[in-house]
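Note sheet for the following structure.
Bear in mind these aren't lab numbers, they're just calculated from the coordinates by the rules spelled out. Since the structure is predicted, the reported quantities are computational estimates derived from the model, not experimental observations. Please note: Cβ atoms are built from the backbone with ideal geometry, for glycine as well, and neighbour counts cover all protein chains shown.
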Amino acid sequence: MAKVTVVGSGNVGATTALYIAEKRIADVVLVDIMDGLAHGRALDSIQAAPLRHYDTQIVGAEDFSLMKDSDVVVVTAGKARTPGMSRDDLLQINAKIISAVSAEIARYAPNAVLVMVSNPLDVMAYVALKVTGFALKRVVGMAGVLDSTRFRYFLARELNVYVGDTTALVLGGHGDSMVPLPRYATVNGVPITELLSKDTIEQLVERTRKGGAEIVSYLKTGSAYWAPAAAVTEMVECIVRDKMRILPCSAYLRGQYGIEGLFVGVPVKLGKNGVEEIIELTLSKEESEALIASASAVKGIIEKLEEMRLI
Ligand code: NAD
């Protein structure tokens, strides 16, 4: 059985651990620095196993050494947004946490694929890459799968069609500048541009962009976690089972799409080594400009981190 460590046993981490175990993808180690939290969450989840019919393990630990030899390490450690906070407000707090966690990953799981979840996502993936020194393909960020599933849900509701028949592709940085691509969205192959007016598509795109903030405004004390955990699980399954699916993920670009040295959301082929291939689509001028603008937003945050000497 494969081994997956989830660092951070808060809302996203604990839910991800449960989904991974329930789908029998891997045995899971759940780690958190808060005394007892990972143990408690692990024990609670595993006691559902007889009823939910899974025989994979979930163990909790404060001790990072338990992640030893993990095939995949998912990083959800850090603070989540509360109302009025942008993902970038989390920058300083989470950069320090992610640096510390990444050093532990390099020490105990040097051959793992690292899936970053903590925000600001594309920048935290960059921090993890720098601190671990991992090969570029072994660090990947989760954002596009979540943003795309939100878009798919909104499309299905609008069109009154089966949600499983929808496909969508959201590129760019995981922030307000993300780039949903309506011409790549379909219902079982039928382009949504044939089914919906331009105005309606624009409204759904806008709701997708603000999908995270909409949930934060209701929850007030934290941010979304059911759909994010489902998105992480989709990626982890793809890596553990070497499924080679094409999914929108945050990957380190070296000139693709005209972007150099940054993590930005693009379609990638995801397999057992992480980012097996970056798929370079031909974008329209408008789409390309939106992607470059989104990448500059990511670059701006990295520059802030450099000014603060946090990287
Ligand atoms: P949460 O507050 O519920 O959980 C975070 C956990 O991290 C806490 O239990 C905390 O004790 C732990 N932690 C802090 N420092 C740690 C360290 N050094 N080592 C180990 N654990 C540590 O938050 P959440 O809702 O689970 O969100 C987690 C992160 O994921 C946030 O940064 C959030 O913004 C991000 N997120 C990203 C996406 C995405 O699409 N990429 C979606 C949802 C949430």
## Note on the structure
Put in order of increasing Cβ neighbours within 10 Å, starting from the fewest, V6, V115, V268 give V268, V115, V6
### Query
In terms of modelled amide H atoms, which long-range or inter-chain residues lie less than 5 Å from the amide H of G274?
none
### Message
Which residue fluctuates most in the GNM of the chain (Cα springs below 10 Å): G274, G144, G189?
### Response
G189
### Burial ordering of M142, M1, M67, fewest other beta-carbon atoms within 10 Å first
M1, M67, M142
### Query
Rounded, prolate or oblate: which one fits segment 106-148, using the alpha carbon gyration tensor with axes a ≥ b ≥ c (rounded when a/c is under 1.5, else prolate when a/b beats b/c, else oblate)?
prolate
#### Entry: Approximate spin-label separation S86-K23, in nm, with each point projected 7 Å along Cα-to-Cβ
3.2 nm
### Query
Length gain on complete extension for the stretch S99 to M1, per 0.36 nm per residue less the alpha carbon to alpha carbon distance?
32.4 nm
